[in-house]
Amino acid sequence: MRTDHRFYYEDSRDMSEIKNASVDLVITSPPYPMIEMWDKQFAGFNSEIESALQNGDYNRAFEAMHCELDRVWSELFRVMKDGAMACINIGDATRTFNKRFQLFSNHARIQRKFASLGFDTMPLITWRKQTNAPNKFMGSGMLPVGAYVTLEHEYILLFRKGLKREFPTAEEKLNRRHSAYFWEERNTWFSDLWDFKGTRQAVNNLNMRSRSGAFPLVLPFRLINMYSVYGDTILDPFSGTGTTALAAMATGRNSDNYELDESFSIPFRNSVFTAIREMREHNRERIRKHLEFVKNYQSDKGSLKHKNSYFGFPVMTRQEEDLKLFYPKSVREVEKDNYQVKYFEDQSLKTLEPEYLAQQRLRFATGIDSAD
Ligand SMILES: C[S@@+](CC[C@H](N)C(=O)[O-])C[C@H]1O[C@@H](n2cnc3c(N)ncnc32)[C@H](O)[C@@H]1O
C-alpha cells in the first residue's frame, strides 16, 4: 500500500495539471471574502477589489472577491468525478463602513454558485468555534438597541456532483467495507453541529497555523473517512500549511494540493517526517475510543453481536466487520513537493497496536475490565 501527495505552488483558478473527472473528494477552506486578513490577497487578484475596498463600496468588493473564488469552483466541477463530494469550510464576515454594520454571508454566496454550476447541495455542518475573547461582543454593550450577536461558528458546506457514488465491482465493494467507520463515530460525525473542543491538535507549529487560517487536522480527517475510500484522490485547491494532505497521508488516500504561497513548502517538508508518528496516533485514538465505547456499552447494555475480523474486537454492526486501518510507516519526498507514503502491510494488531497489545486488559465476552 502506497499513496502519493503532490503540491503545486500555483494559482488554483487554473488547475490544468488535474485531469477532468479524476478527483474523488475535495476538502478545502478558501481565503474568506471581507475578512481583513485576506484583503491584500484578494486585491492582488483584481484591481477592482482594491478600489471598491478603498471607496468603502463593500457590497461590490464582496461580489468581486467571490467572482475570483467562482473560478476555482468551476474548476472543481471539471475535475471531480460523478458522485464525488466537495466540502468547503467557510465563515461569514462582518464589517462596518460609514457607521453601517453589515453581515457578508460568504456561505450563502458560495452555496448559490455551487448550485448554479450544477452541484447538488447537501445538508451543511455548523462548526462551533466558541471564543472567550473579552472583546467578542460587538456594538452598544449593555444598552439597547445597537449590539450584535457574536459570530462563533463557521460552516462546512457539502455538495455532490451528480448521483450517489456506486461501487459496482466486488473489489470496490470490499475496499468500501475496509474503509468503514465505527457505528459510534457515525453517530458523532454525521451530526450537523461539530465542536472540536478537547480534540487533540498536534502536528505543526500552532502559531503558524493560526496565522495561516489553518483548520485542525481532525476536520479533514473526519471528512476523508466520511466521504472517500482507501486509495481515493483528495484535492485541496487552497492547501495552506498542508493539513488536508497530512490527513490524506494518515488515512491511506492520495492528495493533490494547490497553494499560491510557496513559503508553506518549507515548514511542510520540515514537519512531515515527524508528523508520521502523530498520524499513527490518530488511528490509535480511534481504536482507544472504540474500546472505551465497547466497555461502556457492555457494562450498560450487554454484549455486541458482531466482531471485527482484523482486530478481533466487538463492533456494533455487520458493516464494521471488515473495517481496516492503514498505519503510515514512512514518507519520502520522491521529487520536489511530491511525497510518497508507505504503510504497514500487516493488518494484525501485533504490528499496528503494540501499545494496545501490551495493555490488553479488556475481556470482551464478559465486559469486565481486568486492568486491576
Ligand atoms: C484559509 S487558508 C487555507 C488553510 C489550510 N486549510 C490549512 O489548514 O493550512 C487559504 C489559503 O489559500 C491560499 N490561496 C488563496 N488564493 C489562492 C489561489 N488562487 N490559488 C491557490 N492558493 C490560494 C492562501 O495563500 C492561503 O494559504
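The values are calculated or read from the model by the stated rules, or taken from the named source; none is laboratory data. All figures in this text were calculated on a predicted structure; none of them were measured in a lab. Neighbour counts are summed over all protein chains in view; Cβ atoms, including those assigned to glycine, are modelled from backbone coordinates with ideal geometry.
Values as computed for the structure displayed
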quantity	calculated
Condition met for Met15 (surrounded by 22 or more Cβ atoms within 10 Å (Cβ to Cβ), outside any strand (DSSP E or B) and either assigned by TED's automatic domain parsing to the domain that holds Gly252 or touching a Cys at 6+ places or on another chain (Cβ under 7 Å) (or both))	no
Every pair of residues 6+ apart whose Cβ atoms lie under 6 Å, when the first sits in region 14-33 and is on the phi < 0 side of the Ramachandran plot while the second is among the acidic types (Asp, Glu) and within 11 Å of the ligand (Cβ to nearest atom)	Met15/Glu75; Ile27/Asp236; Thr28/Asp236
Top-ranked residue in region 72-110 [being of a type in the set (S, T, N, Q) and over 18 Å from the mean Cα position of the chain (by Cα); ranked as nearest to Lys19 (Cα to Cα)]	Ser74
Check on Phe264, in a helix (DSSP H, G or I) and either more than 9 Å from the ligand (Cβ to nearest atom) or modelled with pLDDT under 90 (or both)	no
Total residues in region 96-120, condition modelled with pLDDT of 95 or more, in a strand (DSSP E or B) and under 20 Å from Ala43 (Cβ atoms)	2
Residue in region 92-106 that is nearest to Glu68 (Cα to Cα), counting only those that are surrounded by 19 or more Cβ atoms within 10 Å (Cβ to Cβ) and not charged (D, E, K, R)	Asn106
Some residue of region 93-112 being in contact (Cβ under 8 Å) with a residue 40 or more places away in the chain and either charged (D, E, K, R) or not assigned by TED's automatic domain parsing to the domain that holds Phe215 (or both)	yes
Pair list, Cβ under 8 Å, 6 or more apart: region 59-76 residue in a helix (DSSP H, G or I), other residue small (Gly, Ala, Ser) and away from the ligand (no atom under 13 Å from the Cβ)	Arg60/Ala52; Ala61/Ala52; Ala64/Ala52; Leu76/Ala86
Filter result (away from the ligand (no atom under 13 Å from the Cβ) and either outside the structural domain of Tyr227 (by TED's automatic domain parsing) or surrounded by 21 or more Cβ atoms within 10 Å (Cβ to Cβ) (or both)) within region 27-51	Met34
Residue pairs meeting the criteria (Cβ under 6 Å; at least 6 apart or on separate chains; first under 21 Å from Gln102 (Cβ atoms) and of a type in the set (Phe, Trp, Tyr), in region 140-161; second modelled with pLDDT of 95 or more and in a strand (DSSP E or B))	Tyr155/Ile90
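Quick grid of which residues meet (1) aromatic (Phe, Trp, Tyr); (2) within 30 Å of Glu75 (Cβ to Cβ); (3) in contact with a strand residue (DSSP E or B) (Cβ under 6 Å, 6 or more places away or on another chain):
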site: Ala247; (1), (2), (3): no, yes, no
site: Ser255; (1), (2), (3): no, yes, yes
site: Ile266; (1), (2), (3): no, yes, no
site: Ala275; (1), (2), (3): no, yes, no
site: Phe293; (1), (2), (3): yes, no, no
site: Arg318; (1), (2), (3): no, no, yes
site: Tyr343; (1), (2), (3): yes, no, yes
